[in-house]
Amino acid sequence: MTAPLTSPHATQHAPEPAYAISTRGLTKSYPGPEGTLTHAVRDLDLDVPQGETFAFLGPNGAGKSTTIALLCALARPTAGHATVAGADVLTQPHQVRQQVGMLFQHSAMDPDLTADQNLYIHARLYGLRRRHARRRATEVLEMVALTDRRSSPVRTLSGGMRRRLDIARGLLHAPRVLFLDEPTTGLDPYARAQVWEHLRALRDRYGSTLFVTTHYLEEAENCDRIAIIDRGRLVAQGAPAALKAAIGDDRVVLRTSDDATARRVVRRTAPSNCVITVDADGVCLRAPDGSTWIPRLCAALEGHGVAVHAASATAPTLDDVFFHHTGRSLQATQPARTSATTPIPRASTAEADGGP
Ligand SMILES: Nc1ncnc2c1ncn2[C@@H]1O[C@H](COP(=O)(O)OP(=O)(O)OP(=O)(O)O)[C@@H](O)[C@H]1O
Ligand SMILES: [Mg+2]
């Protein structure tokens, strides 16, 4: 069964807005200590077309959750404006809240109630009539493949199941735009893969617009477009491939017998505008067409009596894009996680989430 994702609140023949989300100069500041201001979000200009899966990528404190709160009309901007599904967050907050679904960074479910009871209560809070609330609870449970756990208390569900239940809650009132604040943080790679499988199905089946915040580079990589945010400011926006192509430079790493001498030799041999650093990996150089430099650099190093133990050239990653725009590595700003670089496996069944 497929449940329609057209808003029951939407006007029947309302024209589709050009963008699902559009912001100009969106800013949110909080009073800080001693009369200072904390700029959680500054001057944000975003355009997210209908049906796009859009990743909002940034380190802790970058302003991701604040942006979602502004776009869901749960917080009022200090300056600027935004429209979501055609409604203005400042002048039409009620319409905005009717058009969006939201998955909070922290779950809003009562652990002692069953999955079904939680969904029914939330549907009633959204204003759905009793019978409609029951039907939607059944439909959204099926959408996230949790029908067989509908009578389980939430505390007995696995982490991945709970996150899928959170997604189901966000879908209850058939929103046109779904905001997901870190939908997979804390999940193991398998549960993350399942959550993403359900999100992709939503997009493919219903053309939903998904706005997803994440710390995970490999998740952002799989989205249609990405905005990178750092310290409240948008630093880059575009398709993952285009963002990587724009910085162009490959990362060449040389592991040598004498990195200090090697750095000086590389400095003289490589193009003068190349950035050269020494870190735990060895001497690192950023250059276009990195692999073509390796034979030349090795010959020069050999001429100075420096042995090269290993050499590699890799195309830019999203972390390189982040580094290029901020001078810092996104991965270096994250707390250690076991799954940070683990590839996301394909999930084969929806039931394999693990037991309670
Ligand atoms: N209610 C508030 N009052 C004061 N400062 C706030 C408030 N909410 C957020 N901030 C500040 O705004 C900045 C952005 O916070 P936000 O929660 O949006 O970041 P985030 O990107 O979601 O981070 P995380 O990845 O840790 O969830 C932080 O410096 C935070 O301390
Ligand atoms: Mg957050």
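The values are calculated or read from the model by the stated rules, or taken from the named source; none is laboratory data. Note that the structure is a prediction, hence the values are computed from the model and not measured. Counting neighbours? That spans all protein chains shown, and the Cβs are built from the backbone with ideal geometry, glycine included. Side chains included, ligands, DNA and RNA excluded: accessible areas come from the protein's heavy atoms. Shrake-Rupley method; radii C 1.70, N 1.55, O 1.52, S 1.80 Å.
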Exercise. Is segment 159-169 home to any residue that is in a helix (DSSP H, G or I), open to solvent by 10 Å² or more (accessible area, probe 1.4 Å) and within 16 Å of ligand 1 (Cβ to nearest atom)?
Worked result: yes
Exercise. Can you tell which of Arg76, Arg97 is assigned by TED's automatic domain parsing to the domain that holds Pro153, outside any loop (DSSP other than H, G, I, E, B), open to solvent by 30 Å² or more (accessible area, probe 1.4 Å) and of a type in the set (Lys, Arg)?
Worked result: Arg97
Problem set entry | Subset of segment 51-64 (residues that are within 16 Å of ligand 2 (Cβ to nearest atom), more than 12 Å from Gly232 (Cβ to Cβ) and surrounded by fewer than 20 Cβ atoms within 10 Å (Cβ to Cβ)) | Asn60
For this session: Of the conditions (1) away from ligand 1 (no atom under 16 Å from the Cβ); (2) in a helix (DSSP H, G or I); (3) within 22 Å of Ala201 (Cβ to Cβ), Gln117 clears all except one; give me its number.
Result: (3)
For this session: Go through segment 246-270 residue by residue and tally those that are hydroxyl-bearing (Ser, Thr, Tyr) and either open to solvent by 50 Å² or more (accessible area, probe 1.4 Å) or within 15 Å of Thr292 (Cβ to Cβ) (or both).
Result: 2
Exercise. Taking segment 118-129 as the region of interest, how many residues are over 29 Å from the mean Cα position of the chain (by Cα) and either of a type in the set (A, V, I, L, M) or open to solvent by less than 90 Å² (accessible area, probe 1.4 Å) (or both)?
Worked result: 2
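Can you name every residue in segment 170-199 that is basic (Lys, Arg) and open to solvent by 10 Å² or more (accessible area, probe 1.4 Å)? Show your work before the answer.
To start, the set of residues in segment 170-199 that are basic (Lys, Arg) comprises 176, 192.
Residue satisfying the conditions is Arg176 alone.
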Exercise. Hey, Ala108 hits all of (1) open to solvent by 10 Å² or more (accessible area, probe 1.4 Å); (2) hydrophobic (A, V, I, L, M, F, W, C); (3) more than 16 Å from ligand 2 (Cβ to nearest atom) but one; which does it fall short on?
Worked result: (3)
Exercise. In segment 200-227, which residue that is assigned to a helix (DSSP H, G or I) and among the charged types (D, E, K, R) is most open to solvent (accessible area, probe 1.4 Å)?
Worked result: Arg205
For this session: Collect the residues in segment 179-199 that are closer than 18 Å to Gly61 by Cα, assigned to a loop (DSSP other than H, G, I, E, B) and not hydroxyl-bearing (Ser, Thr, Tyr), keeping them in residue-number order.
Result: Glu182, Pro183, Gly186
